[in-house]
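Below is one structure; the comments refer to it alone.
The values are calculated or read from the model by the stated rules, or taken from the named source; none is laboratory data. Here the structure is a predicted model, which is why all the values come from computation and not from measurement. Here the Cβ positions follow ideal geometry from the backbone for every residue, glycine too, while neighbour counts run over all protein chains shown.
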Amino acid sequence: MRVAVVGGGIAGLTAGYRLQRSGAAPVIFEKGAGDRTSSQRVEGFIIDKGAYTIPEGHSAFLSLVRELGLSGELRETPGTASTFVNGKEHRIKIGSPVDLMRYKLLGLGNKKDLIRLYLHARALGRHLNLHRPTPKTRELERETARDFLLRDYNEDILEKIAYPIFAELFLGVPEDNSKAAFLATLPNLVRFRIFTLAHGMGMVTGKLRERLEVKDRTPVLGVRRSGAARFRIETGGEHAGSRDFDRVVFAVPPPLLPDLVEGLPEPLGRSLKEVRYNPSMVVALGLERPFEDHSLINTFLRYQVPTMATLIQDRHKGEGRIPAGKGLATAVLTTDASARLMNRPDGEAVEAVLRDMDSVWPGFSGRVILSRVYRWPFGGVQLPPGTLARQPRMREHLDGLDPNWAFAGDGLYRASMEVSVRTGFRAAERVLANP
């Protein structure tokens, strides 16, 4: 069985891996040359281009790591996070109730509010399973996280708690996501060990690519039927041409599907285009000497630091990533900055990040010896009000299409490597099950 996999990100590679292990012959077509779960070696530095940690709850992803023989590469990080306000660092151990009570970023009243929010989220239980929304879930998603917090709590909870959570986990902001999305995230932060791979997150995709036939820089231009049970794939780029396949797995963002797949019903096409992503940019900075001993994850108030949403201290990810005597810091840009700089020269993005860095750490820009910029137009799936009501209908409609097709990727649910791996496996199983 020849299977075309459209999209060479972690979802497409996972689908290809499962297909190959089951005796099929998958060919993966990738528009670029990698995805957010990839790494680059530059002058002795190992840079994660997008995804940079593995939460312990990502059980399918961690199982894949072990299956690929990468268990020895897993490293547990310190799990520390800091928020900077007026240049002052407020550090906390993620998931530590003791640290929360000592956390000087929040006053006693706000700490009580945060505990109240957490208990409220825990009490909602299954209604905060965003993959299987109930009527109560849909009721909770009728307003944005911002509107909910400003109405029932205050701006400190919005800016110092909700904004960093959405910037870090959703690559978004509270204005673009629902109350349900915020509440669903809170219980997961209480017990939250964080892992990474010592020699780069790209070790997973690299191992998968070694085993699979991947056509990089080969965009799929269209998919149509070619005979009763075959499909014609039209490609451009380095491997331009037409090829016939028995099955197809689509592992690209849903908004791209209506322009790729011939004959999709118009209502489904509209639903797919409504899946909302925020763009994301990453600027990695190699430093002439080690950076100060700050947390793994560092966040900032958006009205004080306009370009950086998160700064990662890469030295916390394990040995061997940074040349001796050097430093590495990776900045994830805010949603607004990513949109503004997405099509601008690399130098503009680097300069904007360095302005922010110098405002927090004066003279920081003088330490930089190299920079790399990575752009992800489909960075993070957003869950604005109404999304959780639409998603099940969209998935049901996709499942009701040709059984020789399958769909994978985080856009079917919410952005995470775990969703990508699980949907990749599920897509492979669907096309294998159809004789």
Can you find a residue that is surrounded by fewer than 23 Cβ atoms within 10 Å (Cβ to Cβ), part of a helix (DSSP H, G or I) and in contact (Cβ under 8 Å) with a residue 12 or more places away in the chain anywhere in region 369-386? no
Filtered residues of region 396-413 (kept if surrounded by fewer than 23 Cβ atoms within 10 Å (Cβ to Cβ) and outside any helix (DSSP H, G or I)): Gly400, Leu401, Asp402, Pro403, Asn404, Trp405, Tyr413
Pick out the one residue from Ala184, Ala180 that is assigned by TED's automatic domain parsing to the domain that holds Ala145, at pLDDT below 95, under 30 Å from Ala309 (Cα atoms) and surrounded by 15 or more Cβ atoms within 10 Å (Cβ to Cβ). Ala184
Can Thr144 be described as buried (at least 20 other Cβ atoms within 10 Å of the Cβ) and under 29 Å from Glu274 (Cα atoms)? yes
Out of the residues in region 273-304 that are part of a loop (DSSP other than H, G, I, E, B) and hydroxyl-bearing (Ser, Thr, Tyr), state the one that is surrounded by the fewest Cβ atoms within 10 Å (Cβ to Cβ). Tyr303
Select from region 31-45 the residues that are part of a loop (DSSP other than H, G, I, E, B) and over 18 Å from the mean Cα position of the chain (by Cα) and write down the one among them that is surrounded by the most Cβ atoms within 10 Å (Cβ to Cβ). Lys31
Ser226 meets each of (1) crowded, with 21+ Cβ neighbours inside 10 Å; (2) assigned by TED's automatic domain parsing to the domain that holds Asp259; (3) more than 25 Å from Phe45 (Cα to Cα) with one exception, condition (1)
Filtered residue count, region 415-435, keeping only those that are out of contact with any strand residue (DSSP E or B) (no Cβ under 9 Å at 6 or more places or on another chain) and in a helix (DSSP H, G or I): 5
Condition check for Phe291: among the aromatic types (Phe, Trp, Tyr) and at pLDDT below 95: yes
Do we have Val252 as buried (at least 22 other Cβ atoms within 10 Å of the Cβ), more than 30 Å from Ala352 (Cα to Cα) and in contact (Cβ under 8 Å) with a residue 24 or more places away in the chain here? yes
Meets criteria (within 22 Å of Val431 (Cβ to Cβ), crowded, with 19+ Cβ neighbours inside 10 Å, over 22 Å from the mean Cα position of the chain (by Cα) and of a type in the set (Lys, Arg)) for Arg247: yes
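Residues are listed down the side, and each one gets a yes or a no for (1) over 30 Å from Ser359 (Cα atoms); (2) in contact (Cβ under 8 Å) with a residue 24 or more places away in the chain; (3) part of a loop (DSSP other than H, G, I, E, B):
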{"position": "Leu13", "(1), (2), (3)": "yes, yes, no"}
{"position": "Val27", "(1), (2), (3)": "yes, yes, no"}
{"position": "Ile47", "(1), (2), (3)": "no, yes, no"}
{"position": "Phe61", "(1), (2), (3)": "yes, yes, no"}
{"position": "Leu64", "(1), (2), (3)": "yes, yes, no"}
{"position": "Gly72", "(1), (2), (3)": "yes, no, no"}
{"position": "Arg75", "(1), (2), (3)": "yes, yes, no"}
{"position": "Pro78", "(1), (2), (3)": "no, yes, yes"}
Which pairs do you get when a residue that is in contact (Cβ under 8 Å) with a residue 60 or more places away in the chain, found in region 328-344, comes within reach of a residue that is outside any strand (DSSP E or B) and β-branched (Val, Ile, Thr), reach meaning Cβ atoms under 9 angstrom, with the pair 6+ apart or on two chains? Leu328/Ile322; Thr334/Val173; Thr334/Val305; Thr334/Thr307; Thr335/Val173; Leu341/Thr307
Scan region 4-23 for residues that are out of contact with any strand residue (DSSP E or B) (no Cβ under 8 Å at 6 or more places or on another chain) and under 14 Å from Arg209 (Cα atoms) and report the count. 7
